[in-house]
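Peer 1: Just passing along the structure, written as structure tokens.
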Amino acid sequence: MTPGAARRTEGDGKSRPPGGPQPLIRVGDDFEIEYPGASALATECYANFWRAADLLMELHNQQTRDQYNLSPGARQVLAVVEGAGTPLEPSVIAQRLLTTTGSMTSLLDTLEKRGLICRLPHPDDRRKLLVELTPDAQKIIDELLPSLHARERAVMSDAFTTSEQRQLLGFIAKLQQAAIGAAATPPIDGVRRHRPDRGTATEGSRP
């Protein structure tokens, strides 16, 4: 499955009409023959949702790197602490970002060296620390977040009307619930791939 591959146009009756933007990722005409039980349309939807998410996140990540030399993880740490409105324990930040405490310690070390966070003694437990933003970090967040959110509006408005955005949000919510449900069910095993016969080179076709 690669960008620019031939689109399946027969069998499902749901091929995209000509004109307008085309998805970046397409599957081959024999996709459903090679993968019994699969749907070419479903796979194209799945892959293109994933690709769109990558493209959207990279817009934020690139801006963060270019303007502030911050990794995506570092940006998220600053945003989580700032959003909480109070200093947080490292373990709480790690939990909210779905990362390990070891990775969080490394991120916090880097941010502390840059003067963007400080570690404070916990008032109720001397074994713990709290993470607080410095004024320099607050300045970055106050500049960066409004810019990112304005870009989100620009990108979504360029792609969809307000009504379409509301519809899209409903579709995404349904997809999220389906993914949550799928996580609680066993994988679909036992389906065999039918490798297509690519043919063999003849004597006359060899270079």
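Peer 1: (1) over 13 Å from Val77 (Cβ atoms); (2) modelled with pLDDT under 95: which one isn't true of Ser103, the others all being true?
Peer 2: Answer for Ser103: the failing condition is (1).
Peer 1: Of the conditions (1) loosely packed, with under 12 Cβ neighbours inside 10 Å; (2) modelled with pLDDT under 95, Gln62 clears all except one; give me its number.
Peer 2: Here Gln62 meets the rest and fails (2).
Peer 1: Within region 121-137, which residues are charged (D, E, K, R) and closer than 16 Å to Leu107 by Cβ? Walk me through it before giving the result.
Peer 2: Going residue by residue through region 121-137, those that are charged (D, E, K, R) are 124-128, 132, 136.
Hit for region 121-137 is Glu132, nothing else.
Peer 1: Follow-up question, since we're still on this one. Can you tell me how many residues within region 56-101 are in contact (Cβ under 8 Å) with a residue 40 or more places away in the chain, of a type outside the set (Asp, Glu), under 21 Å from Lys128 (Cβ atoms) and not in a helix (DSSP H, G or I)?
Peer 2: So the count comes out to 2.
Peer 1: Look through Glu44, Glu89 and report the one residue that is closer than 26 Å to Arg192 by Cα and either among the acidic types (Asp, Glu) or touching a Ser or Thr at 6+ places or on another chain (Cβ under 6 Å) (or both).
Peer 2: Exactly one of Glu44, Glu89 is closer than 26 Å to Arg192 by Cα and either among the acidic types (Asp, Glu) or touching a Ser or Thr at 6+ places or on another chain (Cβ under 6 Å) (or both), namely Glu44.
Peer 1: Let me ask you something else. Just a yes or no: is a residue in region 138-157 more than 26 Å from Gln62 (Cα to Cα) and either of a type outside the set (Val, Ile, Thr) or within 18 Å of the chain's Cα centre (by Cα) (or both)?
Peer 2: Scanning region 138-157, I find no residue that is more than 26 Å from Gln62 (Cα to Cα) and either of a type outside the set (Val, Ile, Thr) or within 18 Å of the chain's Cα centre (by Cα) (or both), so the answer is no.
Peer 1: If you check Ile172, Ile188, Ile117, which single one turns out to be of a type outside the set (D, E, K, R), more than 20 Å from the chain's Cα centre (by Cα) and within 28 Å of Gln62 (Cα to Cα)?
Peer 2: Going through Ile172, Ile188, Ile117 in turn, the sole match is Ile117.
The values are calculated or read from the model by the stated rules, or taken from the named source; none is laboratory data. All values reported here derive from a predicted model rather than from experimental measurement. Here Cβ is always computed from backbone atoms with ideal geometry, including for glycine, and neighbour counts include all displayed protein chains.
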